[in-house]
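*Asks:* Have a look at this one before I ask anything.
The values are calculated or read from the model by the stated rules, or taken from the named source; none is laboratory data. Predicted model only: the values in this text are computed from it and were never measured. With ideal geometry, Cβ positions are generated from the backbone for all residues, glycine too; neighbour counts draw on all protein chains shown. Ligands, DNA and RNA are stripped out before the accessible areas are found, and what is left, the full protein with its side chains, is counted by its heavy atoms. Shrake-Rupley method; radii C 1.70, N 1.55, O 1.52, S 1.80 Å.
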Amino acid sequence: MTGTPTAGADPGLFGPTSVTWQLHSDPMMWIAGIRALYLQALHPRTVRGVLQNSDFRRDAWGRLMRTANFVGTITYGTTDAAETAGARVRKIHRTLTATDPDTGERYRVDEPALLLWVHCAEIDSYLDVLRRSGFRLTDAEADRYIAEQRHSARLVGLDPGAVPASRAGLAAYFDTVRPELAAGPEAREVDDFLLHPPAHPLLVPVREIAWRQVAQLAYAALPPYAHELYGRRAPAPALATARLRLTGLILRRVPADLRWQLPPKHILRAVARLGPDARPAPYKLGRQAAILDGPGEGRAHGNGGSERAKWGTAG
């Protein structure tokens with residue numbers, strides 16, 4: 001059976017039979033992550049919490065790498081590694097607050113509404129960019145992916161039952177939250193950084209030629225309402241999709257074994273732990289629907305298990 005783990009090995013929270021396992025190995029995840037940053041910055045309370053608690057401009061690359069490492073760990077790491085990573089994130093967030101400059105209100109950055117926005121902006125970005133760039137995913141598989149990501153939501157402190165579990169649920173959430181979105185000064189700061197990140201003087205030409213194209217593509221992939229809020233023009237959706245497909249075609253021509261050599265090598269370690277059949281490959285998705293236990297579950301659970309067993313929650 002394709003994707004069957006080595007006997008006794010821990011497949012982690014998702015496992016090789018999940019949509020998440022295949023999707024997160026794609027090189028377009030990097031552009032999707034930048035799109036997520038653009039989208040997340042449109043929630044004033046959320047982006048304020050980020051900028052008031054970190055030196056975003058000085059450590060933006062470190063922040064991006066830590067986010068990528070977190071996603072890699074919870075996707076391809078062992079269950080213990082994923083739970084430990086989640087506990088670390090929750091511990092950090094519990095200590096952080098932000099202040100609304102207009103009202104003086106001080107609030108915690110781990111408010112469920114803020115965590116939910118970050119989560120949904122990420123999942124929407126991953127799905128949108130990868131599907132539009134040519135990653136073959138049926139609507140049913142997209143729904144399964146969204147539901148699987150309730151594991152990720154739990155790790156950062158959300159109640160999985162309160163998190164969208166389908167495309168319809170995700171769309172309904174965005175319809176509800178859109179009145180809260182705005183391109184305030186903090187969003188403008190993020191936008192400016194993504195277009196003009198710090199660079200050594202000798203690398204400025206590279207930044208202007210290469211990085212700017214990446215940032216502009218991620219911006220182009222945003223939904224139209226986000227472009228309207230930022231007030232910056234973007235290509236028509238069809239043209240943006242064509243550019244995403246071309247970029248995906250180019251990046252996917254780089255051999256996976258070469259791409260996966262980049263630190264921290266989560267995928268290579270997972271394949272070493274579970275065996276060669278665990279190697280991520282998009283073509284495996286269509287074969288695995290029958291062996292997944294139910295919509296949204298990345299790995300099989302015993303029948304009759306409680307919610308605590310299902311989600312691995314403590315207590």
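*Asks:* Does ARG106 fit the bill of being open to solvent by 20 Å² or more (accessible area, probe 1.4 Å) and in contact with a strand residue (DSSP E or B) (Cβ under 8 Å, 6 or more places away or on another chain)?
*Replies:* Working: open to solvent by 20 Å² or more (accessible area, probe 1.4 Å): yes; in contact with a strand residue (DSSP E or B) (Cβ under 8 Å, 6 or more places away or on another chain): yes.
Yes, satisfied.
*Asks:* Considering only residues that are over 17 Å from the mean Cα position of the chain (by Cα), modelled with pLDDT under 95 and surrounded by 15 or more Cβ atoms within 10 Å (Cβ to Cβ), which ones fall in the range 50-92?
*Replies:* LEU51, GLN52, ASN53, PHE56
*Asks:* Considering only the range 127-162, state which residues are within 23 Å of GLU83 (Cβ to Cβ), in a loop (DSSP other than H, G, I, E, B) and either modelled with pLDDT under 95 or in contact with a Leu (Cβ under 7 Å, 6 or more places away or on another chain) (or both).
*Replies:* Listed by number, the residues that qualify are VAL156, GLY157, LEU158.
*Asks:* Please enumerate the residues belonging to the range 106-126 that are out of contact with any Ser or Thr (no Cβ under 7 Å at 6 or more places or on another chain) and not in a helix (DSSP H, G or I).
*Replies:* Correct list: ASP110, GLU111.
Each row is one residue, and each column tells you yes or no for (1) without any contact (Cβ under 8 Å) to a residue 60 or more places away in the chain; (2) at negative phi; (3) among the small types (Gly, Ala, Ser).
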| residue | (1), (2), (3) |
| --- | --- |
| THR176 | yes, yes, no |
| PRO179 | yes, yes, no |
| ALA182 | no, yes, yes |
| GLU186 | no, yes, no |
| HIS196 | yes, yes, no |
| LEU203 | yes, yes, no |
| ALA221 | no, yes, yes |
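*Asks:* With respect to GLY248, determine if the residue is at pLDDT 95 or above and either touching a helix residue (DSSP H, G or I) at 6+ places or on another chain (Cβ under 6 Å) or open to solvent by 30 Å² or more (accessible area, probe 1.4 Å) (or both).
*Replies:* On the way: at pLDDT 95 or above: yes; either touching a helix residue (DSSP H, G or I) at 6+ places or on another chain (Cβ under 6 Å) or open to solvent by 30 Å² or more (accessible area, probe 1.4 Å) (or both): no.
The answer is no for GLY248.
*Asks:* Here is a follow-up. Quick test for you: out of PRO160, PRO198, PRO185, PRO205, pick the one residue that is over 20 Å from ARG35 (Cα atoms) and surrounded by fewer than 17 Cβ atoms within 10 Å (Cβ to Cβ).
*Replies:* That would be PRO205, the only listed residue that is over 20 Å from ARG35 (Cα atoms) and surrounded by fewer than 17 Cβ atoms within 10 Å (Cβ to Cβ).
A quick yes/no check of all residues on (1) crowded, with 16+ Cβ neighbours inside 10 Å; (2) at pLDDT below 90:
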site: LEU262; (1), (2): no, yes
site: ALA270; (1), (2): yes, no
site: ARG273; (1), (2): yes, no
site: ASP277; (1), (2): no, no
site: PRO280; (1), (2): yes, no
site: ALA290; (1), (2): no, yes
site: GLY294; (1), (2): no, yes
site: SER306; (1), (2): no, yes
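*Asks:* Are there any pairs with C-beta distances below 9 angstrom linking a residue in the range 226-241 that is of a type outside the set (Ser, Thr, Tyr) to a residue that is open to solvent by 70 Å² or more (accessible area, probe 1.4 Å) and in a loop (DSSP other than H, G, I, E, B), with the two at least 6 apart or on different chains, and if so which?
*Replies:* Correct list of pairs: HIS227/ARG233.
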